[in-house]
Structures are given as C-alpha cells and as structure tokens.
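Notes follow once the structure below has been shown.
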Amino acid sequence: MVPMCWCVQEQIQEVIDAMFLKEVEDGDVIIRQGDDGDYFYVIEDGVYDIYVKNDGEPEKRVGSYMNTGSFGELALMYNMPRAATIKAASHGSLWVMDRQTFRKIVLKSAFKKRKEYEKLLENVPMLKHLKHYERMNLCDALMPMSFEPNQIIIRQGDEAEGMYFVEEGTVRVTMHSETDSNEVEMSRLTKGEYFGARSTKLKLGVTELALVTHRPRAASVYAVDHVKLASLDVQAFERLLGPCMDIMKRNIDDYEKQVAEMFGARIDMDELR
C-alpha cells in the first residue's frame with residue numbers, strides 16, 4: 001500500500017499504523033498549488049488529475065494518477081509550498097498521513113539508512129576519493145533489495161540497470177561463453193563487497209563492463225543464501241560516480257586478460273567491449 005522509497009521493510013507497519021483512510025468524490029481538491037503542505041497521500045483507488053498554473057497563464061492539466069501512486073511528500077520533506085493542484089476525477093480512497101508523523105518517520109528512516117550505508121561504503125576502494133558530501137549523497141540514493149537462496153540478481157546478457165553493495169549474505173558470480181551454456185563460477189562476494197561495478201574482490205570484474213560501456217551484462221549473479229543488497233540505479237551511478245568512470249575504464253583491459261585466461265578462445269573479448 002505504501003510504495004515509498006524511503007520506507008524500508010522494517011518500517012512498513014509503522015507507516016501503515018500512522019495513516020487513516022479518506023474517501024473523496026469527483027471534483028474534490030485534495031491539495032492546492034501554493035498552499036502549505038499538511039498531508040501525504042497514498043492512493044488506494046480512484047483517478048486524480050494534476051494541475052499546474054504558471055504566472056499569467058490559466059491552470060493546465062499536466063498528468064493523472066490512475067488507481068495507484070502517491071503524492072504530497074515533497075512539500076513536507078522540504079518545507080515548500082505545494083507545487084501543483086491535485087483534484088479527484090472520480091470517487092476514490094486515499095491513505096493519509098499528517099505532516100508531523102510523516103517528517104518523524106522520514107527523518108528517522110533517512111538518518112538510520114544513511115548511517116548504515118555510510119559504514120557499508122567506508123571500505124569501498126573506488127569511493128575513497130569521493131568527498132564526504134558526495135558519499136552522503138550516494139548513501140541517500142541507495143535502495144534496499146532482498147533475495148532468497150538461488151534467486152538470480154543479474155543475468156548475463158541483460159541490460160545493466162545498476163550496481164549493488166552486499167549488506168548481508170553471500171552471492172556467487174557465474175559466466176558462460178556463447179559456445180558453452182554451462183556456467184562457471186568466477187567468484188563469491190559477501191558483506192561489504194559489491195558488483196555491477198569494479199570490485200577488488202571480484203577477480204574478473206566483468207559485471208562492471210555493462211555499466212561502464214553500456215553493454216549487456218557480461219556475467220550472472222545469484223544469491224547463495226538470504227541476501228540483502230543496497231542498489232544504485234544506472235542514472236544515479238552515472239550522476240554520482242562520474243569521477244570514478246575513468247578509473248574503471250582503465251581497468252577493463254586487465255579484466256579482459258583475466259577472462260581470457262579463464263575461458264581461453266571460448267570467449268570473444270570484443271563482445272565484452
């Protein structure tokens with residue numbers, strides 16, 4: 001019911017308990033542009049139109065929510081006036097949280113998350129040259145993910161969507177050539193290690209190639225046991241880790257040599273570029 005990025009699994013029940021259900025009718029104004037933020041809303045059902053009014057221009061509909069989504073959080077998080085007007089376009093139901101409760105939960109969650117991820121990132125060599133505020137921005141951008149034993153996390157050949165830091169558990173990295181479908185285990189990673197970008201512990205580093213070169217994944221990664229990860233999507237990777245890109249690109253040749261030693265002629269190294 002609460003699809004918010006700042007809400008980790010352990011806090012779902014706390015969020016649900018803090019909300020109440022509100023029924024609305026077609027034409028009801030839920031929030032009005034320019035007003036102070038007072039509530040955060042999660043849609044149970046119904047259609048809600050988004051309107052924006054610029055100076056000297058009439059109000060214009062710029063989008064809609066159709067039976068799913070949430071709105072109202074930005075004004076509460078940043079203490080800013082409402083940036084748009086939201087009107088109900090049908091009968092519907094909204095789960096509502098007041099400003100004080102919202103900020104308490106968000107701030108507590110953000111502080112806890114930042115501290116946990118700060119410790120996680122302290123020992124990542126690739127990030128040591130980042131400034132403190134850059135590392136904090138990276139902590140804020142990380143998202144929690146969980147996987148069960150033997151569940152696949154990334155698949156060789158898929159498009160790169162991000163990089164991942166291991167919080168709990170163990171993952172195994174495998175690879176196969178185009179002429180041999182049998183997967184060969186290349187490495188195992190545990191808490192504090194990472195993949196999807198250059199890893200000093202991942203000897204071949206092949207999962208990095210996809211993000212650096214925008215090519216498909218060159219290896220697969222599976223959960224060995226119950227695994228918790230902190231993920232960084234590809235857009236945030238490029239925006240926050242831009243200073244690391246040149247370092248990683250310089251290491252690609254080394255990775256390819258190690259892959260060649262493992263697979264010999266079975267791997268076309270040009271395919272990894």
For this session: Would you be able to tell me the number of residues in the stretch 40-61 that are open to solvent by 80 Å² or more (accessible area, probe 1.4 Å) and either in a strand (DSSP E or B) or closer than 10 Å to Gly92 by Cβ (or both)?
Result: 3
For this session: Give the residues of the stretch 77-94 that are crowded, with 18+ Cβ neighbours inside 10 Å and hydroxyl-bearing (Ser, Thr, Tyr), sorted by residue number.
Result: Thr85
For this session: Kindly check whether there is at least one residue in the stretch 67-76 that is within 17 Å of Ile43 (Cβ to Cβ), open to solvent by 60 Å² or more (accessible area, probe 1.4 Å) and not in a helix (DSSP H, G or I).
Result: yes
For this session: Give just the number: which of (1) modelled with pLDDT of 80 or more; (2) open to solvent by 50 Å² or more (accessible area, probe 1.4 Å) does Met97 not satisfy?
Result: (2)
Problem set entry | Evaluation of Gly37 against (1) loosely packed, with under 15 Cβ neighbours inside 10 Å; (2) touching a residue at least 12 places away in the same chain (Cβ under 8 Å); (3) part of a loop (DSSP other than H, G, I, E, B) (one fails), failing number | (1)
For this session: Please specify each residue of the stretch 187-198 satisfying the condition of being surrounded by 22 or more Cβ atoms within 10 Å (Cβ to Cβ) and either at pLDDT 85 or above or over 20 Å from the mean Cα position of the chain (by Cα) (or both).
Result: Leu189
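The values are calculated or read from the model by the stated rules, or taken from the named source; none is laboratory data. Predicted, not measured: the structure shown is a model, and the values here were computed from it. When we count neighbours, we look across all protein chains shown, and the Cβ atoms used for this are built from the backbone with ideal geometry, even at glycine. Please note that ligands, DNA and RNA were not included when accessible areas were found on the heavy atoms of the full protein model with its side chains. Shrake-Rupley method; radii C 1.70, N 1.55, O 1.52, S 1.80 Å.
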